[in-house]
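Peer 1: I'd like to ask some things about the structure below.
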Amino acid sequence: MSEPILRVENLVKYFPVRAGILVKRTIGQVKAVDGVSFDLMPGETLGVVGESGCGKSTLAQVLMRLEEPTGGIATFEGRDIFALRGAELRKMRREIQIVLQDPYTSLNPRMTVGDIVGEPFEIHTDVAPKGSRAAKVRDLLDVVGLNPEHINRYPHQFSGGQRQRIGIARALALRPKVIICDEPVSALDVSIQAQVMNLLGELQNEFGLSYVFIAHDLSVVRHLSTRVAVMYLGKIVEMGTEEEIYEHPSHPYTQALLSAVPVADPALRGQRQVIRLEGDVPSPLDPPSGCRFRTRCWKAQDICADQEPELITRTGGHLSACHFAEEKTVVPGL
């Protein structure tokens, strides 16, 4: 087997909570990401799913060094991402790019599309000579399905789906090996979502890209992912191949998420047991002891409050963090 292109080990990101008028003092910590580990193989898509506030976007920001980690290790092709500085960090950022969630705020409204997509060439001047940049930008627009002749238009002259294609073109400019997609289709109409997802799949095959694909919609993640990691309150609670997670989920949280996915076939819809979780997601400022999902879990017992379950391999071959994980649960219609 080939080595992982990206390896994350026990990644932690806490945000301090401060109070006071004249003298600020730390009164707590928001545990946004708390001990996340995974490998990303070359050409693979790792889907990361979970409810809003579970730490998915913070994970993306830390991997891009937009936020500094509290602890843990992340290596790209054997290089410690968090140890890089200056020119070395700039060089690494050519290899790892990001597509942001909101196509309406991630593009500078005062810049033309040509300037937006070509901006990476201004920072990494050795990638494209100045005289050839306009041609490269046109090529990138064509690759993502936009009219190259629209190079001088502004973002407000494009639809949401077209704007996201512009963001994808910008991410492709430096020919990265890894692209972190932070909910890239959540702000788009369903029909446009499918077009953008198909584009990402085509680009992955054409350029050999590896994706970390973050989303809260399980049906979207399944379309593209090789493996799936399910997050809850800063931790991965289940991880496995697309088939293992969708056909045989073992963690109660994963089962609850999948039970809420719409089913087109009325016959299969009748076989689905809908799991309605009680209560709200606890605050990451003060997560529950033991298993963090226990306050909403119908299987919770005393051991769940006393002992945090380990993320271990189950009979089906995938990882699950639950004291009472089911091994052969089948979800109809997925």
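The values are calculated or read from the model by the stated rules, or taken from the named source; none is laboratory data. A quick note: this is a predicted structure, and the numbers were derived from the prediction, not measured. All Cβ positions, even for glycine, are placed from backbone atoms using ideal geometry, and neighbour counts span all protein chains on display.
Peer 1: Any residue in the stretch 112-132 that is in contact with a strand residue (DSSP E or B) (Cβ under 9 Å, 6 or more places away or on another chain), without any contact (Cβ under 8 Å) to a residue 60 or more places away in the chain, not in a helix (DSSP H, G or I) and not hydrophobic (A, V, I, L, M, F, W, C)?
Peer 2: Within the stretch 112-132 (the criterion being in contact with a strand residue (DSSP E or B) (Cβ under 9 Å, 6 or more places away or on another chain), without any contact (Cβ under 8 Å) to a residue 60 or more places away in the chain, not in a helix (DSSP H, G or I) and not hydrophobic (A, V, I, L, M, F, W, C)), the answer is no, since none of the residues qualifies.
Peer 1: Here's another thing I want to ask about it. Out of curiosity, is Q204 more than 20 Å from the chain's Cα centre (by Cα), more than 30 Å from G279 (Cα to Cα) and not aliphatic (A, V, I, L, M)?
Peer 2: No; evaluated as a whole, the condition is false for this residue.
Peer 1: Check every one of the strands (runs of 3 or more DSSP E) wholly within the stretch 141-256 and list those with 3 or more residues that are farther than 24 Å from R314 by Cα and at pLDDT 90 or above.
Peer 2: Of the strands (runs of 3 or more DSSP E) lying wholly inside the stretch 141-256, those with at least 3 residues that are farther than 24 Å from R314 by Cα and at pLDDT 90 or above span 178-182, 210-215.
Peer 1: Can K56 be described as surrounded by fewer than 17 Cβ atoms within 10 Å (Cβ to Cβ), of a type outside the set (A, V, I, L, M) and under 21 Å from A171 (Cβ atoms)?
Peer 2: Here the answer is no, as K56 does not meet what is asked.
Peer 1: Scan the stretch 172-191 for residues that are among the β-branched types (V, I, T) and without any contact (Cβ under 8 Å) to a residue 60 or more places away in the chain and report the count.
Peer 2: Final tally of qualifying residues: 2.
Peer 1: Among the listed residues V33, V48, identify the single one that is among the aliphatic types (A, V, I, L, M), part of a strand (DSSP E or B), in contact with a Ser or Thr (Cβ under 6 Å, 6 or more places away or on another chain) and under 28 Å from E244 (Cα atoms).
Peer 2: Matching residue, one of V33, V48: V33.
Peer 1: Being surrounded by 15 or more Cβ atoms within 10 Å (Cβ to Cβ) and among the aliphatic types (A, V, I, L, M) is the filter here; which residues of the stretch 174-193 pass it?
Peer 2: Listed by number, the residues that qualify are L174, V178, I179, I180, V185, A187, L188, I192.
Peer 1: Same structure, new question: Does the stretch 124-135 contain any residue that is of a type outside the set (D, E, K, R), buried (at least 21 other Cβ atoms within 10 Å of the Cβ) and either modelled with pLDDT of 90 or more or over 22 Å from K56 (Cα atoms) (or both)?
Peer 2: Checking the stretch 124-135: not a single residue is of a type outside the set (D, E, K, R), buried (at least 21 other Cβ atoms within 10 Å of the Cβ) and either modelled with pLDDT of 90 or more or over 22 Å from K56 (Cα atoms) (or both).
Peer 1: Kindly indicate whether D39 is of a type in the set (D, E), part of a strand (DSSP E or B), under 14 Å from L59 (Cβ atoms) and at pLDDT 90 or above.
Peer 2: Answer is no for this residue.
Peer 1: Can we say A60 is among the small types (G, A, S), within 22 Å of M231 (Cα to Cα) and assigned to a helix (DSSP H, G or I)?
Peer 2: yes
Peer 1: Got a number for residues in the stretch 2-23 being assigned to a loop (DSSP other than H, G, I, E, B) and on the phi < 0 side of the Ramachandran plot?
Peer 2: Of the residues in the stretch 2-23, 7 are assigned to a loop (DSSP other than H, G, I, E, B) and on the phi < 0 side of the Ramachandran plot.
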